[in-house]
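Working notes, structure below.
The values are calculated or read from the model by the stated rules, or taken from the named source; none is laboratory data. Since the structure is predicted, the reported quantities are computational estimates derived from the model, not experimental observations. Here the Cβ is made from the backbone with ideal geometry for all residues, glycine too, and neighbour counts use every protein chain on show.
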Amino acid sequence: MDLIFIHTLSGPIVHYFIYLYYNIAMKYNKHSVFYTIIIIILCVIIGYGIYYWFQTRSSEISPATARRNVTQGIYDFIIDVRTDEEWNTHHLPTLHIPIGILATELPKRIKDKESSILFICKRGIRSSGAAQIAKKLGYKNVQAMMGNYNELAETPK
């Protein structure tokens, strides 16, 4: 679904830059190499932005999907990245590594970079950041649940 969205989005963007190029060329009545290079640079920057957006979003999943994956036993580890205070107040039976020390603790606790890992937190913001940190550390199969960690334990309605 996301690939279709990116394909759908990239077409109009490229057409817009072609339109922009011709408007600039007509305004100054010349087809300059300078304008061509500028347009190519803008296309590359926007293309990379779309690619980066897709890469960061591709690891985020809904609580319902996370719940289904947990019941199917897909994850080797479920990691709660909330603070110690939040963890001590209430937690699910998961591994706890606060996001502040994730970059140093994750390689110590999980040696296998091919392990399937689900990150959870209070609302999904820190779990998304944790998934990006894990990807930068070389972990391949990471996902972040976007939503409250309690939704993982709730039974579907």
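Residue count for the range 89-106, restricted to those that are part of a helix (DSSP H, G or I) and among the hydrophobic types (A, V, I, L, M, F, W, C): 5. Against the condition under 15 Å from the mean Cα position of the chain (by Cα) and either within 18 Å of residue 68 (Cβ to Cβ) or not hydrophobic (A, V, I, L, M, F, W, C) (or both), how does residue 116 come out, does it pass? No; evaluated as a whole, the condition is false for this residue.
Residues are listed down the side, and each one gets a yes or a no for (1) touching a Leu at 6+ places or on another chain (Cβ under 8 Å); (2) surrounded by fewer than 16 Cβ atoms within 10 Å (Cβ to Cβ):
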{"residue": "81", "(1), (2)": "yes, no"}
{"residue": "85", "(1), (2)": "no, yes"}
{"residue": "90", "(1), (2)": "no, yes"}
{"residue": "93", "(1), (2)": "no, yes"}
{"residue": "96", "(1), (2)": "no, no"}
{"residue": "101", "(1), (2)": "no, yes"}
{"residue": "131", "(1), (2)": "no, no"}
{"residue": "136", "(1), (2)": "no, yes"}
{"residue": "139", "(1), (2)": "yes, no"}
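Each residue in the range 64-88 was checked for being in contact with a helix residue (DSSP H, G or I) (Cβ under 9 Å, 6 or more places away or on another chain), within 17 Å of residue 130 (Cβ to Cβ) and either not assigned by TED's automatic domain parsing to the domain that holds residue 142 or not in a helix (DSSP H, G or I) (or both), and 8 of them qualify. Within the range 122-139, the set of residues being closer than 13 Å to residue 107 by Cα and either not assigned by TED's automatic domain parsing to the domain that holds residue 110 or not in a helix (DSSP H, G or I) (or both) comprises 137, 138, 139.
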